[in-house]
1. For segment B:6-17, state whether one or more residues are within 15 Å of ligand 2 (Cβ to nearest atom), part of a strand (DSSP E or B), within 14 Å of chain A (Cβ to nearest Cβ) and closer than 22 Å to A:A239 by Cα.
2. Are any residues in segment A:230-242 more than 7 Å from every other protein chain (Cβ to nearest Cβ) and free of Cβ contacts under 8 Å to residues at least 12 places away in the same chain, and if so, which ones?
3. Just a yes or no: is a residue in segment B:35-46 within 14 Å of ligand 2 (Cβ to nearest atom), within 18 Å of the chain's Cα centre (by Cα), modelled with pLDDT under 95 and within 14 Å of another protein chain (Cβ to nearest Cβ)?
4. If you go through segment B:172-202, how many residues are within 24 Å of B:F254 (Cβ to Cβ), more than 16 Å from ligand 1 (Cβ to nearest atom) and over 12 Å from the mean Cα position of the chain (by Cα)?
5. Among the residues of segment B:160-172, how many are within 14 Å of chain A (Cβ to nearest Cβ) and part of a helix (DSSP H, G or I)?
6. Against the definition (in a helix (DSSP H, G or I), of a type outside the set (S, T, Y), within 21 Å of A:L107 (Cβ to Cβ) and more than 14 Å from chain B (Cβ to nearest Cβ)), how does A:L309 come out, yes or no?
7. Kindly provide the set of residues from segment B:1-49 that are at positive phi and small (G, A, S), ordered by number.
8. Which residue is farthest from ligand 1 (Cβ to nearest atom), if the candidates are limited to segment B:60-75 and must be in contact with a Lys or Arg (Cβ under 8 Å, 6 or more places away or on another chain) and part of a loop (DSSP other than H, G, I, E, B)?
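The values are calculated or read from the model by the stated rules, or taken from the named source; none is laboratory data. Everything numeric in this text was worked out from a predicted model, so none of it was measured. Note that each Cβ is placed from the backbone with ideal geometry, even for glycine, and that neighbours are counted across all protein chains shown.
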Amino acid sequence: MLLFLLRRSLFMVGMLFALLIITFVISHVAPGDPAALAAGPDASAEMIETIRKEHGLDKPLPQQFLIYVGGVLQGDFGNSIHTGREVVDDLVRFFPATFELVLASILFAILLGVPLGVLSAVKQNTWIDHVTRVFSVSGVGVPMFWLGLMLQLFFALQLGWFPLGGQLDMMTDPPAPITHLYTVDSILRGQFDVTLEALRHLVLPALSLCFPALASIIRVNRAEMLETLNQDYITNARAQGISPLRIVGLYALKNAMLPTLAMIGLRFGWMLGGTVLVETVFDWPGVGLYAVQTAVSSDFEPIMAVTVLLGFCFMVANFVIDIVYGWLDPRVRGTT
Amino acid sequence: MSAPEPILSMRDYRLVFDTFDGIYQALDGVGFDLNPGESLGIVGETGCGKSITAKSILGLLPSPPARVLSGEILYRGQDLLKASERDFRRLRGTEIAMIFQDPMTYLNPVFTVGEQLVDAILAHQRAKPGGERMNKAAAKRHAIQMLAKVHLPNPERQFTSYPHELSGGMRQRVLIAMSLSGAPRLLIADEPTTALDVTIQAQILDLIAELIDDLNLSVLMISHDLGVVAKVCDRVIVMYAGHVVEDAPVDQLFNDPRHPYTRGLLASIPHPGRPPTSLSGIPGTLPNLYDPPRGCRFAARCPLAVPACTTAVPEKRHLSGNHLVACIRADEDLPAEAADA
Ligand SMILES: Nc1ncnc2c1ncn2[C@@H]1O[C@H](COP(=O)(O)OP(=O)(O)OP(=O)(O)O)[C@@H](O)[C@H]1O
Ligand SMILES: [Mg+2]
């Protein structure tokens, strides 16, 4: 198991390096001169040149890359060419909101998707199964931003059940930070009215963000449960007089969770990408919204930083999934 | 001889499968008695309905597609065809246990041997009427005892192994230990050695024979290997395409088979002196059971068939004491060329 973890970690370092190269190359071959944009329309060629020098943009690309990587390793993602602020400071400010949103979405997708998949399989070909299947087939294809807009229209504007956007009401002060997650911090601080408010703000964006993941988790889990329930070891468990509940919830589900986990990892990546859309629709103050705002001005250091950060999150999530996978399935422990 | 009350008796059991292609008439009028302490073999070529007969007894067939048309399966007087899932759970493992053909697939790959054994033991314990709750430590002790009983080397260590770390023979031992851990009266063994290497087959068979004596089990042993049956069983029934065609004590069946199908089977064994291995070798194929023949299902392949064979299913009749055969031509001799075939 230790070897397994070590190899996974090494693999992750390699992936991270590849990610750095890719984001760097993409942002540097993209059209648009950030220095010129930052200097403004009336700037002289000299001023632009100064800005370029300041940000090291005059050096050859490989050298720029090395400088960049060196910075990243020390936790320095450069400065916004626009505001001059340190990108790291911005990330620290905006990331917790994104993290809270994504966490809520993935938890929602798993806690709802797995039981629904199981239920659908156990009640195969009943109306429960039919409803769930229609839902899961249609859900995979629904675009997040469209769903977000529809939810806003209906639940925020029409019914007024939930707020249109933002992370808290304008007038509410966020709880004093512990974890930087508003829901968690407000509970820890005993400010339950703030918790409730934070949750109400969280519902619609989290729902939009988790929807495709939820749908595919249901679909995969249902298919896997059906397959597993047909296995010989289930017949044997029945022949031993094991209770049906235990057979479904333990004997079959533990096996069915393996492919479901792989799907969760994949969908987590989509979700991270989706934050850009959902945060924009819901005016959610996270790194997705930050990325969109900086992208408009070709401010590439923040964009690179967000890309690397989200990529890193994806890797960490899949690292965790690999560990859970190894814990669930004794067969991969020895081999991978 | 005065017949004891059978522990298990199946009567006129008819089972069909509702499939997309139509109604598959898998079992038609299957019947037999199994007396306490007796070992009864079921032989027949692949697809003739041995496994579904066995699974019916424990209520393990998925329904749909399986549908029972008629019959009774009496276990100590209780009709299992009327039993609920709840009734079955009280019987499984504690009254009737089953071991299966392929040890590679009947253990759950993501739990240790010990976890599965303990779980089964606790389930058995819960099912026993008035049985007191066993705690986990006692269940573990019992599990390791059972592993030792099936001669699994190093039972304490194997207790924490996962199935993929064990060989086929070891897994079958584990499955046998699991099945017998609830001290059942009746053991159903569905080709317990077919999937194993020849040398391992003999060991497992010896083990089963030993346990049958030791635990005083009544046994239903399914096999398409006549050698296995000869070794373990007192009596044999021969099945063909969902029918029981012959039912006789082992030596009588080997020495004086009466049904033309049985005779064909025995004749198709390559070396009569050695334990036989295969049941195939009779020309022709199994009838289409979506639209089975009206009369004897073997008639189309039978060297003795006469027109009367195709009009009605032959009644089972006693030839001598306890030798039954479902054939109107059972007293005839085979034509010479068929006998050598
Ligand atoms: N769930 C099912 N649906 C439809 N048909 C089935 C089903 N289960 C079994 N059958 C059919 O019933 C017939 C008897 O199957 P069974 O498994 O009892 O054969 P068997 O005698 O045990 O053969 P083998 O020696 O290969 O194990 C087969 O022809 C099979 O196709
Ligand atoms: Mg079979």
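1. No, segment B:6-17 has no match at all.
2. A:N230
3. no
4. Result for segment B:172-202: 2.
5. 6
6. Taking the combined requirement at face value, the residue satisfies it.
7. Selection gives B:G22, B:G29, B:G37, B:G44, B:G47, B:G49.
8. Step by step, filter segment B:60-75, then rank; the result is B:L60.
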